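The structure appears right after this line, and notes come after that.
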Amino acid sequence: MLNTRLAKRSNYFEFRNNILHVEGVSVLELAQSVKTPFYVYSVAVLEESYNALANSLRGLNHSIYFSVKSNSNVAVLRVLSLQGAGMDVVSGGEYLRARKANVPGEKIVFSGVGKTSEEMRLALEQGIRQFNIESIPELFQLNLVALGMSKVAPVSIRVNPDVDAKTHQKIMTGMSDNKFGIPIVRAEEVYQIARDLEGISVVGVDMHIGSQITNLAPFQKAFNKTVDLVNSLRNLGHDIKRVDIGGGLGISYSRDQDDPISSEDFSQMLLSKFGDMDLEIQIEPGRYISGNAGILISSVIYLKEDSDKNFLIIDAGMNDLIRPALYDAKHEFILVDSSSDGKTAIEVDIVGPICESSDIFSKREVLPRLKPGNLVAICSAGAYGAVMASEYNTRPLIPELLVTGNIYSIIRHRPKTVDIIDRDLIPYWLR
C-alpha cells in the first residue's frame, strides 16, 4: 500500500483527520476553491530550510544566493529575501524577478553562459554583486559594455574543474565536455587577460559542478582544485576575495529518508577546505531550499484497467512537471485523503493527459482503487516544477499557492485558455 507517513523533515505536510494539510491548511479545502492541478508551497519549510543551512555555515565568512532557476515565483523569492538571501540569476528576466521581490542589485549574482549586452547593461544600471564569467568572448563583451557606461563590472571567472559530480548526465556542469565555464587549465591565462581590461574588476573564483549531488566526494575533489587555483592566482598578484562554490546539494525524494548530505557535514567540509584562507564563501542553493517546500496536487480523471496494464490518468501532465519525462526523476505520491488507503489495492502506472508516451509520472505503483475526483499529491515538487512548465497541448500554466500558518494566497493565477489562443495573430493576408 502507499506509504502515507511523512518524514520528520516534512512535518509541515501532515495528515489531520486523514486529510493532508500544508501547515494549517487542508489540501481538500484548497482543491475545492482552486481547480486542480496546482502547486502549493509552505513558507515554514522555505524558512526552515534556508535557516538550517545558514546556521550550519555560521563558522564561515559566507553569503547565500538562492538559485532563482529552481523556483522563480516572486512571492517565494520575497520569503527568502526576508530571511537574508541574495539571488543567483541566469537571465535578465530572473534578474527583474529578484528586483521585484525587493532584492537589491548588490545582492544578486548573475550566472549563465549566454549573457547578452542588454542583460549586462540592465544589471550594471540597477546594481550587481558580480557577474560569473564563463568564456573569454563574454569577458570582452562585458568590458565593452561597462566601458560604454563608464562603469567597472565586478566579475568572478567560472572555472570548469573536469570533475564528475556522479549525478544525472543532464544536470552535470563540471565535466570538460559540458558547456559551462573555462577549463581550469586555462584559468591563469584568463585571469591575466581580465586584469588588463579597464572595465573589469576581478573579485573571485566561481565553480559549480552540477545539481542533485548526493555525496561529498565530488565536492571535495572540486574544492581541492579550487584551493590550489586560489593560491596560484594570489601568488600571481590577483586579489581573490571570494569563492563562489555554486549549489548542487541534493535532497531526498523519499519522505521517510533524510537528505543524502546534511548541511552540517557540508559546512564542516567547507570549513576544512577554506576556513583559513581569508575568503568569503558564496553558495547558491536552489533545490536544497525549495525542493521539499512544495507539492503538486492533482485529481484522478480515469482509472483505465486493461488485461496487461492499468493506468491511473490524472489531470497533471508532463507540461506541468517535466522532471520525470526529462530526467527519469522519481517523485513520491500520497493520497490527500488517507482514509481511502484501506481500499482494495491495484497496480497502476500513473500518467498524465498529454499526447506523448513520455507523459508518465510513475510505473508500477500499488494504490487503492481510486475514482475520478480523488486527489493525489506529488511530493518534492518545489524545485524545477512550475519554472519548467509549458503550455504544451494548449494547457494553461497551473496556479501556484503559498501557505503560511492557516492562511493561503494564490501567487500565480491560471490564465484563461482564450488568452493563450489570443496571443496568436493571423496575418492580414490570411484573413
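Quick notes
- Residues (on the phi < 0 side of the Ramachandran plot and among the β-branched types (Val, Ile, Thr)) located in the stretch 377-396: 378, 387
- The single condition among (1) out of contact with any Gly (no Cβ under 7 Å at 6 or more places or on another chain); (2) among the small types (Gly, Ala, Ser); (3) at pLDDT 95 or above that residue 272 does not satisfy is (3).
- Any hit, the stretch 356-363, residues being within 30 Å of residue 78 (Cα to Cα) and under 24 Å from the mean Cα position of the chain (by Cα): no
- Test: residue 56 is farther than 27 Å from residue 337 by Cα and either surrounded by fewer than 20 Cβ atoms within 10 Å (Cβ to Cβ) or touching an Asp or Glu at 6+ places or on another chain (Cβ under 8 Å) (or both): yes
- Any hit, the stretch 89-108, residues being crowded, with 21+ Cβ neighbours inside 10 Å and polar (S, T, N, Q): no
- Hey, residue 387 over 24 Å from residue 211 (Cβ atoms) and either assigned by TED's automatic domain parsing to the domain that holds residue 26 or part of a loop (DSSP other than H, G, I, E, B) (or both) or not: no
- Among the residues of the stretch 329-349, those identified as at pLDDT 90 or above and of a type in the set (Asp, Glu) are 332, 337, 347, 349.
- Of all residues in the stretch 206-242, those satisfying the criterion of being among the aliphatic types (A, V, I, L, M) and either assigned by TED's automatic domain parsing to the domain that holds residue 379 or touching a residue at least 60 places away in the same chain (Cβ under 8 Å) (or both) are 222, 229.
- Some residue of the stretch 234-245 being part of a loop (DSSP other than H, G, I, E, B), under 30 Å from residue 330 (Cβ atoms) and not charged (D, E, K, R): yes
- Pairs where the first residue, in the stretch 294-307, is without any contact (Cβ under 8 Å) to a residue 24 or more places away in the chain and assigned by TED's automatic domain parsing to the domain that holds residue 318 and the second is assigned to a strand (DSSP E or B) and surrounded by fewer than 18 Cβ atoms within 10 Å (Cβ to Cβ), C-beta under 6 Å, 6+ apart: 304/311
- Evaluating residue 103 against the criteria (1) under 26 Å from residue 268 (Cα atoms); (2) at pLDDT 95 or above; (3) touching a helix residue (DSSP H, G or I) at 6+ places or on another chain (Cβ under 9 Å) leaves one unmet condition, (1).
- Only a single criterion out of (1) of a type outside the set (D, E, K, R); (2) more than 23 Å from residue 291 (Cβ to Cβ); (3) in contact with an Asp or Glu (Cβ under 6 Å, 6 or more places away or on another chain) is not satisfied by residue 367, namely (3).
- Boolean, residue 366 is without any contact (Cβ under 8 Å) to a residue 24 or more places away in the chain and either more than 25 Å from the chain's Cα centre (by Cα) or under 25 Å from residue 15 (Cβ atoms) (or both): no
- Subset of the stretch 356-385 [surrounded by 17 or more Cβ atoms within 10 Å (Cβ to Cβ), in contact with a Phe, Trp or Tyr (Cβ under 7 Å, 6 or more places away or on another chain) and of a type outside the set (A, V, I, L, M, F, W, C)]: 362, 365, 380, 382, 385
- Residues within the stretch 207-232 that are buried (at least 21 other Cβ atoms within 10 Å of the Cβ) and part of a helix (DSSP H, G or I), tallied: 6
The values are calculated or read from the model by the stated rules, or taken from the named source; none is laboratory data. Just so it is clear, the structure is predicted and the values come from calculations on it, not from any experiment. Counting neighbours? That spans all protein chains shown, and the Cβs are built from the backbone with ideal geometry, glycine included.
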